[in-house]
1. When you scan segment 63-75, how many residues do you find that are over 12 Å from the mean Cα position of the chain (by Cα) and in contact (Cβ under 8 Å) with a residue 24 or more places away in the chain?
2. Taking residue 22 as the residue in question, decide whether it is out of contact with any strand residue (DSSP E or B) (no Cβ under 9 Å at 6 or more places or on another chain) and within 20 Å of residue 126 (Cα to Cα).
3. Would it be correct to say that residue 14 is modelled with pLDDT under 95 and buried (at least 16 other Cβ atoms within 10 Å of the Cβ)?
4. List the helices (runs of 4 or more DSSP H) inside segment 26-139, counting only whole elements, that have at least 3 residues being in contact with a helix residue (DSSP H, G or I) (Cβ under 9 Å, 6 or more places away or on another chain) and buried (at least 19 other Cβ atoms within 10 Å of the Cβ).
């Protein structure tokens, strides 16, 4: 089989998942940017106008939770883990690594290569870094966070345990 045919088949097979992943990512971005700007600038000077880092931490946290919920209950609803806290922990780790990739691209471009213009910063962080980070997150969510572990039906397991004779 020709490599391009294989690649096309892979993309067609992953397209529904990629579409959902992208839409959830867009919602997360809107929660992050919207939340940050609301906390800083609503009414001229928002509640965290003089605390931009706190505003960013809060907006990023809200975006992470929104993205996890969207991916858990929509994108990967058929393969989510029963241990919600474990899944969320893995999700946060994957998000953090993906974000670190974008920040690293910016740091290398800005401080090592000396490209300091707003255009260069946006290309390195929001194009190259975002592409690398998003690609990593898609792979990590698919293979580690929302891996193909069947959901545990607690009631069925309890019923099966109760009806099994003990030795």
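1. Of the residues in segment 63-75, the ones over 12 Å from the mean Cα position of the chain (by Cα) are 73-74.
Applying the additional criterion that residues be in contact (Cβ under 8 Å) with a residue 24 or more places away in the chain yields 74.
Matching residues across segment 63-75 total 1.
2. On the way: out of contact with any strand residue (DSSP E or B) (no Cβ under 9 Å at 6 or more places or on another chain): yes; within 20 Å of residue 126 (Cα to Cα): yes.
Answer is yes for this residue.
3. Details: modelled with pLDDT under 95: yes; buried (at least 16 other Cβ atoms within 10 Å of the Cβ): no.
No.
4. Details: elements: 52-70, 84-107, 118-123.
Answer list for segment 26-139: 52-70, 84-107.
Here's the yes/no breakdown for (1) closer than 14 Å to residue 74 by Cα; (2) within 17 Å of the chain's Cα centre (by Cα); (3) touching a residue at least 60 places away in the same chain (Cβ under 8 Å):
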site	(1), (2), (3)
3	no, no, no
6	no, no, no
13	no, no, no
22	yes, yes, no
29	no, yes, no
36	no, no, no
40	no, no, no
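The values are calculated or read from the model by the stated rules, or taken from the named source; none is laboratory data. All values derive from a computational prediction rather than experimental measurement. Glycine gets a Cβ as well: all are built from the backbone with ideal geometry, and neighbour counts include every protein chain shown.
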